[in-house]
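Q: Let me give you the structure first, and then I'll get to my questions.
Computed from the coordinates by the stated procedures, all read-outs in this text should not be read as laboratory data. Given the structure is predicted, the values throughout are model-derived calculations rather than measurements. In this analysis, Cβ positions are derived from the backbone assuming ideal geometry, glycine residues included, and neighbour counts consider all displayed protein chains.
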Amino acid sequence: MHAKGVGLHSGKEVDVTIRPTHADAGIVFRRCDLGHSVKANVHNVVDTQLATTLGDEDVRISTIEHLMAAFAGLGIDNAEVDVSGAELPIMDGSAAPFVRLIRTAGIEEQPAPKRFLEVTREVSWTDGCATTTLSPHDGFRLEYTMNYDHPYFAGLCQHATVDFSSQAFVRDISRARTFGFLSDIERLRAMDLVRGGSLDNAVVVDDDGVLNDEGLRYEDEFVKHKILDAIGDLYVAGHPIIGAFAGYQSGHGANNALVKQLLADSGSYRSVTFENGCEPPISLYRGCNGVGSGRAYDGPGVPQSTTA
């Protein structure tokens, strides 16, 4: 599976190719221009300013969260991602283009049980006004609340709750685009950020409303994108999470700190598989109207590890 696009922050054109790999490999990003690989796990996250960035020694791969959300949403456990530069392409600002490409290429079931991280005790992280929490739950529920002090947001829904499944992700979350304020663009560009941003890959808001001609894709697209980012950020835990996530005014930094907090406390989670007819509480991707060569989990039977 191959895609090409521009990096949101660098503004540079970049190629990305997703390849299948063996069971238990996890998600591995490879800078094909440097010949260096970095595994997507919480300990390799080196920067969370306006994006989630992996790093190892002098190698960095930025803006991974939308592709990671697509992997999580489709139940992909193992994949190798070749990137020709330091940042993934932003595509249209959502996870939907990655979802379409993966579904078209197909998903292959592998001979290994799918592993989950089940939250057994509440953990939380607070930094200023930002708060994130993971608590026990029979499934994967995401709840997010924004509180933007901005004229346009005063009349908008700034709260959403999603009971996660592949179907819910593709239908209700995957198309939500990244967003920003017109008043911030020059300041961010002076910081060498959002140089590839445009109305083609972000929702831009001024005091009067949305500047994009087509408007919003969802009535609550802004808060849905925050949930999309959280799904991608939480997936650096290495496995799908069984639990409930709640975020208030949080971003990549707080999401990443929460995962570290979870994994640092062995009493707050356990690693589980579901075999011998046991059903996990999360329904994951199985085909797409006949498209796809394999499955993640979606119903009775033993959920297997999958690769793109």
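Q: Be a star and scan segment 223-246 for residues whose amide nitrogen sits under 12 Å from the point 7 Å along the Cα-to-Cβ vector of Ala168.
A: Once the point is set 7 Å along Cα→Cβ of Ala168, 243-245 turn out to lie under 12 Å by backbone N, inside segment 223-246.
Q: Please give the contour-minus-distance gain from Arg141 to Tyr218: 0.36 nm per residue of separation, less the Cα-Cα distance, rounded to one decimal in nm.
A: Numbers: separation 77, 0.36 × 77 = 27.72 nm, distance 1.92 nm.
Fully extending the segment from Arg141 to Tyr218 adds 25.8 nm.
Q: Additional query: Calculate, in nm to one decimal, what Thr104 and Ser124 gain on full extension: separation in residues at 0.36 nm each, minus their alpha carbon distance. Let's see the in-between values first.
A: Working: separation 20, 0.36 × 20 = 7.20 nm, distance 3.77 nm.
3.4 nm is the gain from fully extending Thr104 to Ser124.
Q: Eigenvalues of the Cα gyration tensor times 5, then square-rooted: what semi-axes does that give for the chain, in whole angstrom, largest first? Walk me through the numbers before you get to the answer.
A: Details: eigenvalues 161, 102, 73 Å².
Ellipsoid half-lengths, sorted descending, are 28, 23, 19 Å.
Q: Can you tell which of Val162, Met146, Asn212 lies farthest toward the positive end of the dipole of segment 85-226, using +1 and -1 charges on the Cβ of basic and acidic side chains (Lys, Arg; Asp, Glu)?
A: Highest projection toward the positive end goes to Val162.
Q: Within the chain, count lysine pairs with alpha carbon atoms under 28 angstrom apart where the residues are 8 or more positions apart or belong to different chains.
A: The number of close lysine pairs in the chain is 16.
Q: So, R0 is 22 Å and r is the distance between the beta-carbons of Thr161 and Asp184; what FRET efficiency does that work out to, to 0.05?
A: Efficiency, rounded to the nearest 0.05: 0.20.
Q: A further question on this structure: Identify which of Asp149, Asp172, Asp24 has the largest mean-square fluctuation in a Gaussian network model of the chain, with springs joining Cα atoms closer than 10 Å.
A: Asp149
Q: Next question. Using R₀ = 41 Å, calculate the FRET efficiency as 1/(1 + (r/R₀)^6) where r is the Cβ-Cβ separation of Phe153 and Glu275; round to 0.05. The partial results should precede the final answer.
A: On the way: r = 47 Å, r/R0 = 1.14.
Step by step, r from the Cβ atoms, then E = 0.30.
Q: What does the charge add up to near Ala25, with Lys and Arg as +1, Asp and Glu as -1, over the other residues with Cβ less than 10 Å from its Cβ? Could the numbers behind the result be given before it?
A: On the way: positive: Lys39; negative: Asp24, Asp77, Glu80.
Overall, the nearby charge balance is -2.
Q: I'd like to know which of Ala51, Thr307, Gly93 lies farthest towards the positive end of the charge dipole of the chain, counting +1 on Cβ of Lys and Arg and -1 on Cβ of Asp and Glu.
A: With unit charges placed on the Cβ atoms, the residue in question is Thr307.
Q: Here is a follow-up. Check Lys12: other-chain or 5+ apart residues with amide H under 5 Å from its amide H, H built from backbone geometry?
A: Amide H to amide H, under 5 Å and 5 or more residues apart or across chains, Lys12 pairs with Gly7.
Q: With all distinct Cα pairs included, what does the Kirkwood hydrodynamic radius of segment 134-266 come out to in Å, to one decimal, could you say? Numbers along the way, then the final one.
A: Numbers: mean 1/r = 0.0625 Å⁻¹.
Taking every pair of different Cα atoms in segment 134-266, averaging 1/r and inverting gives 16.0 Å.
Q: If you don't mind, there's one more thing I want to ask. Roughly speaking, what % of Cα-Cα pairs in segment 163-203 are separated by over 12 Å, rounded to a whole number? Walk me through the numbers before you get to the answer.
A: Numbers: 531 of 820 pairs.
For segment 163-203, the share of Cα pairs beyond 12 Å comes to 65 percent.
Q: Separate question: Please find, in a Gaussian network model of the chain (springs between Cα atoms separated by less than 10 Å), the residue of Gly196, Gly139, Gly35 whose mean-square fluctuation is greatest.
A: In the Gaussian network model the winner is Gly35.
Q: Only four residue types carry charge here, +1 at the Cβ of Lys and Arg and -1 at the Cβ of Asp and Glu. Report the dipole size of the chain about the Cα centre in Debye, rounded to the nearest 20. Before the final figure, lay out the partial values.
A: Working: 26 positive and 42 negative charges, 141 e Å.
That gives a dipole near 680 debye.
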